[in-house]
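> My questions will all concern the structure given below.
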Amino acid sequence: IPRELVFENYSFAAKILEYGPRLLYSLLTVGISVFAQVLSSAFVAYGLARIRFRGRGIIFGLIIATMIIPPQTIIVTQYLMYARVNLLNTMLPVILPCFFSLGLNGGLFVFLFRQFFRSMPKELENAALIDGAGIMGAFFRIILPNSGGTVLVTALLSFIWQWNNFFEPSIYITDRSRFTLTMMLSNLSASAAQFKMGGFNNGINLAGTFLCALPVILVFFIAQRRFVKGIENSGLAN
């Protein structure tokens, strides 16, 4: 239990973390990943839920199976693949899989969207098809706009997991200028040496941790009510 409050620790932590630039860089990276993950997961789930084709049950089973594969088991192959196409020391190895619904826990998001799409009345989609909207038009104009709760749940969970993702970026990125805020936090004590902070203490560590968690806390509190409602509508609570 602290004996006194030292707000100066926050300024020290923000300086060491390079908080402003790293925050914007992290938000941009995570924002692109979340957008790609939501769109691709919904698109894949729509095909599995509403379009009949041979082998869709097997494909869905394989997607669910990806949820039990730890990323550590395939990280070496992925590293070699991205090294061959010169994508190391960028955030593209983390962002690109999200465009193919292969980001963090992508299988779970496909499952959520599929369950929700299967519960939607087919009359909505049929009306759009009769009006000449086509499959893509029905998806973007009817199905997706009516999936607000599931979209919100997927976006929030994806945001939290991508924001806290340290393992994969730490493998692909060694250039300190491209570190995210979470990666900077792991080197907080070591980075203090360049600022000649002889009085570095655990208070600065805790202040830095709070600053890194602050965006997630704010996002959750802003969307808390809709998030809980989205959990109920998506079927995840069951």
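The values are calculated or read from the model by the stated rules, or taken from the named source; none is laboratory data. All figures in this text were calculated on a predicted structure; none of them were measured in a lab. Cβ sites come from the backbone with ideal geometry, for glycine too, and all protein chains shown count toward neighbours. The accessibility values were calculated without ligands, DNA or RNA, using every heavy atom of the protein model including side chains. Shrake-Rupley method; radii C 1.70, N 1.55, O 1.52, S 1.80 Å.
> Just the ratio, please: alpha-carbon radius of gyration of the chain over 2.2 N^0.38 Å, N its number of residues. Kindly include the intermediate steps, with their values, before the conclusion.
Numbers: Rg = 21.2 Å, N = 238, 2.2 N^0.38 = 17.6 Å.
This ratio for the chain stands at 1.20.
> Sticking with this one: If R₀ is 30 angstrom, what is the calculated FRET efficiency for the pair Gln78 and Leu24, using the beta carbon separation as r and rounding to 0.05?
Values: r = 27 Å, r/R0 = 0.89.
The value I calculate is 0.65.
> Tell me which GluC sites (Glu not before Pro) from the range 1-56 have a DSSP coil assignment and no more than 11 other beta carbons within 10 Å of their own. Write out the running numbers ahead of the final one.
Details: sites: Glu4, Glu8, Glu18; in loops: Glu4, Glu18.
Here the sparse-neighbourhood loop sites are Glu4.
> If exposed means no more than 16 neighbouring beta carbons inside 10 Å and the site is in a DSSP loop, what's the longest run of the chain without any exposed trypsin sites (Lys or Arg not before Pro)? Before the final figure, lay out each step's value.
On the way: sites that count: Arg3, Arg52, Arg54, Lys196.
It works out to 55-195.
> Grab the other residues whose beta carbon is less than 13 angstrom from that of Leu129, score K and R as +1, D and E as -1, and report the net.
On the way: positive: Arg50, Lys122, Arg141; negative: Glu123, Glu125, Asp131.
For residues surrounding Leu129, the net value is 0.
> Now a separate question. How high is the relative contact order of the range 1-122? Use alpha-carbon pairs under 8 Å, at least six apart in sequence, and give a whole percent. Walk me through the numbers before you get to the answer.
Numbers: 79 pairs, mean separation 51.9, N = 122.
Averaging sequence separation for qualifying contacts and normalising by length gives 43 percent for the range 1-122.
> So, taking all protein chains as they sit and a 1.4 Å probe, how much accessible area belongs to Phe35, in Å² rounded to tens?
Roll a 1.4 Å probe over it and Phe35 shows about 130 Å².
> Along the Cα→Cβ direction, 7 angstrom out, place labels at Asn126 and Arg56. What is the inter-label distance in nm?
1.6 nm
> Roughly how many percent of the accessible protein surface of the range 1-92 is carbon and sulfur, given a 1.4 Å probe and a whole-percent answer? Before the final figure, lay out the partial values.
Details: 4220 of 6060 Å².
That share works out to 70 percent.
> I want to check the label-to-label distance for Arg178 and Asn89. Put each point 7 Å from Cα in the C-beta direction and report it in nm to one decimal.
Roughly 0.7 nm, to one decimal.
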